[in-house]
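K.L.:
Please find one structure pasted underneath; my questions will follow.
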Amino acid sequence: MILSDKAILDCIEKGDILIEPFRRDCLGTNSYDVHLGKYLATYKNRILDARQHNEIEEIIIPEDGFVLHPNELYLGVTEEYTETHAHVPFLEGKSSVGRLGIDIHATAGKGDVGFCNTWTLEISCSQPVRIYAGMPIGQLIYFEVAGEIENFYNRKKSAKYNQKTVKPVESMMWRNKF
């Protein structure tokens, strides 16, 4: 079941959900709008290796925006820091963003109960498009969980994305054993 606006507000009041900064006007009927932070990143190498640490180069989005280009993967980040202690958060792109030909995540739209951080976005586009820091980029939807949680994300020793950040985080696939 997806939480309604009133249920999201109740969870914020109880401390089950934290959104910083929280703006009441960003709360929709059953979602919360998040915004693009000022940092982007691209990988330094054109060929990525899943077993290696692929380094990134940081980009700060200027006031007059930044043009995304097709066939390039950009890592972005939300302005909002979130914590979710009792629900499963899903991050989806806003339809207005999709209508500009921008995808905000390739595969990582679901968070885990216990996820406490900003959201790294896997941004790609179908044609050149100018983006701006602070623009609405996605919406968080919260699902109820059936049953008790044994393994909260923020308490897992193996969690790769627990380090609090305001910048995009590169893939940590190389930390897996395969």
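Just so it is clear, none of the values below were taken in a lab; they were calculated from the coordinates. This structure is a prediction, so every number in the text was calculated from the model and none was measured. Here the Cβ positions follow ideal geometry from the backbone for every residue, glycine too, while neighbour counts run over all protein chains shown.
K.L.:
Between the range 125-144 and the range 1-37, how many Å separate their Cα centres?
P.N.:
Measuring centre to centre over Cα atoms gives 16 Å.
K.L.:
Quick one: grab the alpha carbon gyration tensor of the range 138-178, order the square roots of its eigenvalues as a ≥ b ≥ c, and give me rounded if a/c is under 1.5, else prolate or oblate depending on whether a/b is larger than b/c.
P.N.:
oblate
K.L.:
At q = 0.14, 0.19 Å⁻¹, what base-10 log of I(q)/I(0) does the Debye formula yield for the chain when every alpha carbon is treated as an equal point scatterer in vacuo?
P.N.:
Those come out to -0.78, -1.33, one per q.
K.L.:
Report relative contact order for the chain in percent, whole number only (criteria: Cα-Cα under 8 Å, sequence separation at least 6).
P.N.:
30
K.L.:
List the lysines whose Cα lies under 30 Å from the Cα of K94, skipping any in the same chain that are fewer than 8 positions away.
P.N.:
K6, K14, K38, K44, K110, K160, K164, K167
K.L.:
Within 10 Å, Cβ to Cβ, of L140, how many net charges do the neighbouring residues add up to if Lys/Arg are +1 and Asp/Glu are -1?
P.N.:
-3
K.L.:
Which of A146, Y161, V67 sits closest to the plus end of the dipole of the range 21-178, meaning its Cα is farthest towards the positive end, when Lys and Arg get +1 and Asp and Glu get -1 on the C-beta?
P.N.:
So the residue furthest toward the plus end is Y161.
K.L.:
Another question, then. What does the net charge come to around L73 if you take all other residues with beta carbon closer than 13 Å to its beta carbon, with K and R at +1 and D and E at -1?
P.N.:
With Lys, Arg at +1 and Asp, Glu at -1, the neighbours total -3.
K.L.:
Got a sec? Charge dipole of the range 1-140, +1 on Cβ for Lys and Arg, -1 for Asp and Glu; which of I102, T42, C26 is way out at the positive end?
P.N.:
I102
K.L.:
Around E13, what is the net charge, scoring Lys/Arg as +1 and Asp/Glu as -1 over all other residues with Cβ under 15 Å from its Cβ?
P.N.:
With Lys, Arg at +1 and Asp, Glu at -1, the net is -2.
K.L.:
Stretched out fully, how many nm does the piece from T42 to E13 gain, at 0.36 nm a residue minus the Cα gap?
P.N.:
Net length gain for the segment: 6.7 nm.
K.L.:
Could you calculate the contour length gain from D103 to N151, that is, 0.36 nm times the residue separation minus the distance between their Cα atoms, to one decimal place in nm?
P.N.:
14.3 nm
K.L.:
Continuing with this model, one more query. Could you tell me which trypsin sites (Lys or Arg not before Pro) in the range 81-110 are loop residues by DSSP with no more than 10 other beta carbons within 10 angstrom of their beta carbon?
P.N.:
The qualifying sites are R99.
K.L.:
May I ask you to order 37-43, 132-138, 12-18 by the average number of other C-beta atoms within 10 Å around their residues, highest value first?
P.N.:
Top to bottom by mean Cβ count within 10 Å: 37-43, 132-138, 12-18.
K.L.:
Find the relative contact order for the range 99-178 and round it to a whole percent, using C-alpha pairs within less than 8 Å whose residues are 6+ positions apart.
P.N.:
39
K.L.:
Could you work out the relative contact order of the range 28-120, using alpha carbon pairs under 8 angstrom and six or more residues apart, expressed as a whole percent?
P.N.:
Across the range 28-120, relative contact order equals 30 percent.
K.L.:
Additional query: For a test of the definition: using alpha carbon positions, the gyration tensor, and the 1.5 limit on a/c, classify the range 30-119 as rounded, prolate or oblate.
P.N.:
Because a/c hits 1.5 or more and a/b fails to exceed b/c, the range 30-119 counts as oblate.
K.L.:
Taking only the alpha-carbon positions of the range 70-171 and ignoring solvent, what does the Debye formula give for the base-10 log of I(q)/I(0) at q = 0.16 Å⁻¹?
P.N.:
At q = 0.16 Å⁻¹ the computed log10 ratios are -0.72.
K.L.:
About its Cα centre, how strong a charge dipole does the chain have in debye, to the nearest 20, once Lys and Arg get +1 and Asp and Glu get -1 at the Cβ?
P.N.:
Here the size comes out at about 500 debye.
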